[in-house]
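The values are calculated or read from the model by the stated rules, or taken from the named source; none is laboratory data. Treat the numbers as computed from the prediction; the structure is a model and nothing was measured. In this analysis, Cβ positions are derived from the backbone assuming ideal geometry, glycine residues included, and neighbour counts consider all displayed protein chains.
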Amino acid sequence: MLNTIRNRIFRNSVKRAGAALSVLILAGVFVCAQEFEKIKNVNAKADSPDKLTVTVDMTGPANYYLFKISNPPRLVIEFTSTLIESAQKEIDVEDCFIKKIRIGQYKDAPIKIARIVFDIPTDEVYYDALSAGDQVIVSVSSNAAKAVVAMPDMIQKNKKAPVKKAHDIERNVATARHKDEVKKIRESGETVSPTEDATAANLVDENTEAMSTHGGVLQISKKIISVNFYQTDIRTIMRAVSEQTGINIIYGPDVQANVTLKLKDVTFDDALRIMLKMSGLVVEKEADNIIRIITPQALKDERSRSVQFTRVLPLRYTRAEDIKTQLTSIKVEGISATIGDDPLTNSIVLTTTPEGIAKYQELISIFDVKPRQVLIEATIMEVNYSDGLDLGIAWRTDGFNVYNKDANNSLQGSVQNSPAAGAGGGVVPALNTASAGLSLAVGGLINSNQFSALIEALQRKGKAKTLSKPKIVTMNNEKASIMSGDQVPYTQTTVNTSGSTQSTMFTNVGIQLDVTPTIHSDEYVTLEVTPKVSSYQMSTAGPIITTRETKTKVLIKSNETVVIGGLISEKDLEAVEQMPILGDLPIIGYLFKRHQSSKDRVELLVFLKPVILD
């Protein structure tokens with residue numbers, strides 16, 4: 001008896017569990033079914049031979065758009081997230097220029113798409129559409145004036161789209177689909193393609209109006225759209241607008257309003273501004289091509305949670321303008337800041353949240369450091385090749401030898417060992433000086449004592465002359481200029497209507513050297529060098545300036561010397577020696593005189609030694 005009672009209790013429990021499971025399954029199916037709307041019925045009525053009105057009854061607000069196919073001519077209404085419940089497949093229309101309407105399920109997955117297709121006789125058709133609660137009314141006509149949907153009497157004036165409870169609504173994102181397939185129809189019947197993607201709008205102003213800061217006009221997209229809705233949920237309208245424009249629109253559960261709206265061929269900016277004004281909402285940029293619709297109170301609450309402060313941060317070493325440029329180019333995640341600079345106090349003016357101030361102070365401490373400096377020792381020399389350089393120039397380092405042996409008195413070089421063989425390294429390539437034109441050679445010197453001794457030997461032989469030995473200190477990445485020369489005066493004449501005036505002007509002539517050092521972490525220095533040598537000859541029109549200039553960039557270790565050569569000037573000299581009287585006689589006078597031609601060749605050598613100062 002006891003076992004019988006137990007079995008009966010067990011069977012009843014199983015039945016109850018099965019019933020509960022069935023209820024849960026049915027509830028799940030019901031929830032899934034509610035993720036899309038249904039087309040219950042399609043009614044077509046020929047108002048006249050050139051006008052057709054179609055009414056689509058649905059279970060809820062429709063998300064739809066229209067487009068036209070040219071070959072064959074078709075007008076299509078596409079409903080997204082929609083299932084066809086009606087058994088209708090075709091509708092034959094009598095006494096109208098449109099003879100047939102076809103209804104079908106275009107796609108079932110991943111999103112259900114239903115289509116209503118009008119077999120139009122030609123592309124020259126006009127249409128108007130209206131979404132009114134659970135109905136979509138479409139008017140198609142061959143006459144543009146008749147293709148207008150009037151507010152029908154059958155629509156209940158107080159009928160509103162169903163609104164879900166706030167706690168049942170998830171944060172929705174309206175996304176654009178089939179953007180490449182959709183084409184809009186203007187009243188003229190012309191098919192136009194979608195415009196470019198929308199540009200992002202700025203944050204709404206401090207008064208939380210639906211405006212941007214650009215002259216009070218919202219600037220998101222200039223794409224032309226058309227909307228026609230009667231007492232429709234603003235979220236449904238936003239989804240339809242997103243389909244037309246390709247702009248992603250986000251809204252939260254607090255965005256609720258019913259709007260009656262009919263706009264034709266207006267820009268997205270104007271349509272959005274009107275919709276937001278009617279519903280009392282504002283817009284905010286979230287990312288590129290994504291905007292968020294929000295209530296003014298919610299926006300104020302967000303701003304109150306991120307109160308901003310202004311701080312003046314003085315700098316020690318770096319110019320405020322440079323720090324501002326660096327900070328502006330850096331995007332700190334999650335931080336919005338206004339960065340300014342005050343040149344008088346060399347300070348950064350920062351307006352942001354306390355968290356942002358802390359992060360920017362950390363960045364400033366990295367950038368605002370004491371700059372390193374470089375001492376540049378320069379030796380500028382002239383070497384004369386006129387009489388033949390018998391001594392030669394030998395720049396010696398550990399493992400390297402550069403010497404001069406050729407008949408043209410040009411500097412030749414040879415490498416005896418690999419660069420790693422010497423104590424300090426460094427390579428001295430050939431300093432070739434052609435007989436005409438300008439050539440440039442660069443080499444590295446290590447042993448300063450040997451270098452000085454050889455230069456002194458050249459000077460004692462009278463073959464080399466030191467023109468200048470300047471020293472200059474400059475900061476890292478700052479250009480240093482060395483000028484050794486004269487200012488040559490010349491007269492400048494200015495002619496005008498009242499006559500002419502003369503003024504004395506000056507131009508710099510001589511040796512100019514521009515050096516920009518860049519210090520590297522391994523104690524090497526990159527030198528950007530621009531040597532320039534100029535000379536002049538006076539003429540009746542003014543001084544004739546002859547300039548020799550080159551530009552190079554070399555990498556050298558601190559305390560090593562680099563040489564730049566190849567800046568050559570050359571003059572042709574001709575001398576005549578003769579016996580008095582006899583040398584002037586015709587024909588036989590050549591027996592009593594001698595012609596001597598020579599060339600005066602001078603090369604400018606620039607030696608640079610950078611020293612990093614600690």
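Tell me, please, whether a residue that is over 49 Å from the mean Cα position of the chain (by Cα), farther than 30 Å from Gln373 by Cα and not in a strand (DSSP E or B) can be found in the stretch 490-508.
Within the stretch 490-508, one or more residues are over 49 Å from the mean Cα position of the chain (by Cα), farther than 30 Å from Gln373 by Cα and not in a strand (DSSP E or B).
Every residue, every condition in (1) at negative phi; (2) of a type outside the set (Lys, Arg); (3) modelled with pLDDT of 85 or more, yes or no:
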site	(1), (2), (3)
Leu21	yes, yes, no
Ile39	yes, yes, yes
Tyr64	yes, yes, no
Arg74	yes, no, yes
Leu83	yes, yes, yes
Ser86	yes, yes, no
Tyr106	yes, yes, yes
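Here is a check on your reading of the model: is Asp254 farther than 11 Å from Ile220 by Cβ, among the acidic types (Asp, Glu) and either modelled with pLDDT of 85 or more or touching an Asp or Glu at 6+ places or on another chain (Cβ under 9 Å) (or both)?
no
Filter the stretch 337-347 for residues that are assigned to a strand (DSSP E or B) and touching a Phe, Trp or Tyr at 6+ places or on another chain (Cβ under 9 Å) and give the result.
Within the stretch 337-347, just Ile339 meets the criteria.
Among the candidates Ile291, Ile348, Ile330, single out the residue that is surrounded by 17 or more Cβ atoms within 10 Å (Cβ to Cβ) and either farther than 30 Å from Pro253 by Cβ or more than 29 Å from the chain's Cα centre (by Cα) (or both).
After ruling out the rest, the residue left standing is Ile348.
For the stretch 583-614, which positions are at pLDDT below 75 and touching a Gly at 6+ places or on another chain (Cβ under 7 Å)?
Within the stretch 583-614, Gly583 is the sole residue that qualifies.
State which residue is nearest to Asp514 (Cα to Cα) when the search covers only the stretch 585-614 and only residues that are free of Cβ contacts under 8 Å to residues at least 12 places away in the same chain and in contact with a helix residue (DSSP H, G or I) (Cβ under 9 Å, 6 or more places away or on another chain).
Tyr590
Considering only the stretch 245-301, give the strands (runs of 3 or more DSSP E) lying wholly within it that have at least 1 residues that are touching a Leu at 6+ places or on another chain (Cβ under 6 Å).
Hits in the stretch 245-301: 282-287, 290-294.
Return a yes/no flag: does the stretch 540-553 have any residue that is farther than 30 Å from Ser503 by Cα, outside any loop (DSSP other than H, G, I, E, B) and either small (Gly, Ala, Ser) or in contact with a Leu (Cβ under 9 Å, 6 or more places away or on another chain) (or both).
Checking the stretch 540-553: at least one residue is farther than 30 Å from Ser503 by Cα, outside any loop (DSSP other than H, G, I, E, B) and either small (Gly, Ala, Ser) or in contact with a Leu (Cβ under 9 Å, 6 or more places away or on another chain) (or both).
How many of the residues in the stretch 348-372 are touching a Phe, Trp or Tyr at 6+ places or on another chain (Cβ under 9 Å) and among the polar types (S, T, N, Q)?
3
Mind listing whichever residues of the stretch 536-568 are closer than 18 Å to Ile511 by Cα, surrounded by fewer than 16 Cβ atoms within 10 Å (Cβ to Cβ) and of a type in the set (Gly, Ala, Ser)?
Result: no residue meets the conditions.
Before we move on, is Ile544 of a type outside the set (D, E, K, R) and in contact with a strand residue (DSSP E or B) (Cβ under 8 Å, 6 or more places away or on another chain)?
Yes: the conditions hold for Ile544.
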